[in-house]
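The values are calculated or read from the model by the stated rules, or taken from the named source; none is laboratory data. What you are looking at is a predicted structure, and each value in this text was computed from that prediction instead of being measured. We place every Cβ from the backbone using ideal geometry, glycine too, and count neighbours over all the protein chains shown. Ligands, DNA and RNA are stripped out before the accessible areas are found, and what is left, the full protein with its side chains, is counted by its heavy atoms. Shrake-Rupley method; radii C 1.70, N 1.55, O 1.52, S 1.80 Å.
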Amino acid sequence: MDTQQKDLSYFRLRLQELLNTSFPEKAHDQKFIDQRSSWAANAYEGAFTSGNTVEQCNEIANYILFEGLHFSKFDTVFQVVCNEFDTIMADEELRSFALKMSPVCEPVFSGYELTDDFAYGYEFDLLYTEITGTIAIWIEENGLQ
């Protein structure tokens, strides 16, 4: 296997792991995965060929690979479910319930400008509270099904 293919596989696996964990809505988007991992591998190779250190090459490739993937709506919903509703369901049900709640909470996110560093701003607390309320209302109306 040539170096380019090995790099591409490495970046594809890293991206797939992040998507599976934090961006399940993108986890099966093969075009996105192929494109991003290819761009990252090409950027790494170009940076290396230009004489950058391995550390710098990784930084450049990671910037491209993970651009726009630092704030996760799903992670936010999952965090709310784990922190606020963990006493009403078993631990092994938390992730699947968060997956179910993600589309329910989607309209809440539209009221915010979500940037990569959104989780560190003051508006995150407002979003967190709104999502908590949305899920509480959903549970009240539908039960835990």
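In table form, for the structure just shown:
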{"item": "Estimated FRET transfer efficiency (Tyr112, Asp86; beta-carbon r; R0 30 Å; 0.05)", "result": "0.75"}
{"item": "For segment 8-66: rounded, prolate or oblate by the Cα gyration tensor [a/c cutoff 1.5]", "result": "prolate"}
{"item": "Per principal axis, descending, Cα span of the chain in whole Å", "result": "58, 33, 23"}
{"item": "Simple Cβ-charge dipole of the chain, Lys/Arg +1 and Asp/Glu -1, about Cα centre, in debye nearest 20", "result": "560"}
{"item": "Helix-only CD estimate at 222 nm, as mean residue ellipticity for the chain, using -39500 (n - 2.57) per DSSP H run (n ≥ 4)", "result": "-23000 deg cm²/dmol"}
{"item": "GluC sites (Glu not before Pro) within segment 60-126, DSSP loop, no more than 11 other Cβ atoms inside 10 Å", "result": "Glu113"}
{"item": "Accessible-area value, Thr129, 1.4 Å probe, nucleic acids and ligands omitted, Å²", "result": "90"}
{"item": "Solvent-accessible area, 1.4 Å probe, carbon plus sulfur percent, for segment 8-66", "result": "54"}
{"item": "Solvent-accessible heavy-atom area per residue, rounded to whole Å², over the chain at 1.4 Å", "result": "61"}
{"item": "Heavy atoms of Asp86 accessible to a 1.4 Å probe, total area in Å² rounded to 10", "result": "60"}
{"item": "Dimensionless Rg ratio for segment 73-142, taking C-alpha atoms and the 2.2 N^0.38 Å reference", "result": "1.06"}
